[in-house]
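A quick write-up on the structure given underneath.
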There are 2 protein chains.
Amino acid sequence: MIREYLENVLKEVALDIVIFAFREGRMEVLLLKWKHTDKYSLPGGRIRVDESLKDAVTRTVEERTGLKGVFLQQFQVFGELDRYAYYSAQQTREYLERALGESLEDLDLLSRTVSIGYYALVNGERAQPKPDAFTEACAWWDVHDLPRLLFDHNHMIVRALETLRREIRYQPVGQLLPEKFTLGELHRLFEVILGIPLDRRNFHKIVTGYDFLIRLNEKKVGAAIRAPQLYSFNFKKYYAALKEGVGL
Amino acid sequence: MIREYLENVLKEVALDIVIFAFREGRMEVLLLKWKHTDKYSLPGGRIRVDESLKDAVTRTVEERTGLKGVFLQQFQVFGELDRYAYYSAQQTREYLERALGESLEDLDLLSRTVSIGYYALVNGERAQPKPDAFTEACAWWDVHDLPRLLFDHNHMIVRALETLRREIRYQPVGQLLPEKFTLGELHRLFEVILGIPLDRRNFHKIVTGYDFLIRLNEKKVGAAIRAPQLYSFNFKKYYAALKEGVGL
């Protein structure tokens, strides 16, 4: 199976995708657990010879989450000669053979590869994580409590977060929220990404000053005594505001 | 020669580098003219199997400009299936054969390639442009007056400029200036990159409010009657300020 797959993909280029979701007040990423091992990696894959880079990334995210039309952003190409951080090339080959259930002796599967790093911003409530052919689990992990990942994937997640933090004014981080959300959730999202506390009153004042928040005729149920107001995005206006930078 | 070269490089990944300089008030890019043709492309090349992506880019920029330690930034990976804009794959193959002086019939030189786009910010006074093995000229071109380039290279330059414009607060565009410069030159540089006029007084006030400009005991000679003051950068302070964003 792996041999057939490899015939139709680029071999020197890989994709790795940091799929972010905001779940219960935490930034989380989707990790795959390799079959018959206790080792994890980011979702990713290869570019088919007959598809564009963009189509390959979109397809991979859809395969892992069931979601279409997800926001995707290239953030870095990883081109070091040695991309093995916690586990050596030899160890990684063994894990891969276990996961695939076949010997790779005659295959150059782990030779020099340049990996294109993307991050995706998804709605954690709508995503339906699904492992691929050589993994047995696909689940959310808190970005601040990750296992030691295969390859340079811990480093990739750090770099993706740094990029998101630096570009928060221009990236549609609101895509991480459920369709209906409270200002408290939006506030918490910004705090978690930036890693610093933000004055609540001031934050509310700034975001409600934009025209992209729709105040719904609904309050969050099951919450506190004073049920908080729910909002949703006018995405057209939100994206227009992001072009100028949503200043916080 | 080309066959030997290809044995030691990645074949599915290419590098293309938009080398910017600020010369006589204009943003310019370095273009290569292919031998025995009137066709142009960006400088670029391949990654050797024994060098990292970063080393490959650094080496290529040094080969084309003679400069070491140049500021380099990845800005986009170009992974479309068809990367031929003005000249078809067939035409491009013919130009390449002319430039190399040999038939490529048995070579897969122009098969599917993903290209990693970088931009470089160089001091136009210090750069010494030099063509490579299959080009006969390497020269500066005004970004607003470019020929129709091979591959998708016009598009790449547009994207590089857009990135530089969007990230001007965080990118060391001062690297484009000569060692000693006037506030007028710095002002003009920002106007040219942003493509809009900036109030001169206000601009001067903002930039001199930072601590990264060193006022020299020197004035620009040969200029107007009132010779303008020369400045240089304290690059350590400049880079520190860029981390927060140099607000203009």
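The values are calculated or read from the model by the stated rules, or taken from the named source; none is laboratory data. Quick caveat: nothing in here was measured; it's all calculated off a predicted structure. Cβ placement follows ideal geometry from the backbone for every residue including glycine, while neighbour counts extend to all protein chains displayed. Accessible surface areas use protein heavy atoms only, side chains included; no ligands, DNA or RNA. Shrake-Rupley method; radii C 1.70, N 1.55, O 1.52, S 1.80 Å.
Summed over both chains, the area buried between A and B is near 1800 Å², taken from the accessible surface of protein heavy atoms with a 1.4 Å probe.
Just to be sure I understand: of the beta bridges DSSP finds with both ends in chain A, what percent are antiparallel, rounded to 5? Given both bridge residues lie in chain A, the antiparallel proportion sits at roughly 80 percent. The relative contact order of chain A, computed from alpha carbon pairs under 8 Å that lie at least 6 residues apart in sequence, is 23 percent.
Could you grab the relative contact order for region B:61-171? Cα pairs under 8 Å, six or more apart, rounded to a whole percent.
This gives 41 percent for region B:61-171.
Assuming R0 = 22 Å, can you tell me the calculated FRET efficiency for the pair residue A:216 and residue A:196, based on Cβ-Cβ distance, to the nearest 0.05? According to the calculation, E is roughly 0.15. Please check region B:109-144 for residues whose accessible area, probe 1.4 Å, is lower by 40 Å² or more when all protein chains are in place than in their chain alone. Buried-area filter returns B:112, B:114. Using 0.36 nm per residue and subtracting the Cα-Cα separation, the extra length available between residue B:26 and residue B:102 on full extension is 23.6 nm. For chain B, lysine pairs separated by 8 or more sequence positions, or belonging to different chains, with Cα-Cα distances below 15 Å total 6. Every helix of 4 or more DSSP H residues in the protein assembly as shown counts as -39500 (n - 2.57), and over all residues that averages to -9500 deg cm²/dmol at 222 nm.
Label-to-label distance for residue B:50 and residue A:38 is 4.0 nm, based on points extended 7 Å past Cα in the beta-carbon direction. Database remark: amide H of residue B:135 closer than 5 angstrom to the amide H of B:35 (H placed geometrically; neighbours at sequence offset of 5 or more, or on other chains; Pro and chain starts carry no H).
Distance between the modelled labels on residue A:7 and residue A:141, one decimal in nanometres: 3.5 nm (7 Å Cα→Cβ projection).
Counting only protein heavy atoms, what percent of the accessible surface of chain A is carbon or sulfur at a 1.4 Å probe?
Ligands and nucleic acids excluded, carbon and sulfur give 48 percent.
Just give the residues from region B:48-78 buried by at least 40 square angstrom of accessible area in the all-chains context relative to the isolated chain, probe 1.4 Å, and say none if nothing qualifies. Buried by the other chains: B:52, B:53, B:74, B:77. Normalised by the number of residues in region B:133-238, the average gap of Cα pairs under 8 Å and 6 or more apart makes the relative contact order 23 percent.
Label reach from residue A:244 (point 7 Å along Cα→C-beta): in region A:162-206, amide nitrogens under 19 Å belong to A:168-174, A:203-206. Summarising the amide proton neighbourhood of residue B:14: residues at separation of 5 or more, or on other chains, whose placed amide H is nearer than 5 Å comprise B:114, B:115, B:116. Taking every protein chain into account, the accessible area of the protein assembly as shown amounts to 50 square angstrom per residue (probe 1.4 Å).
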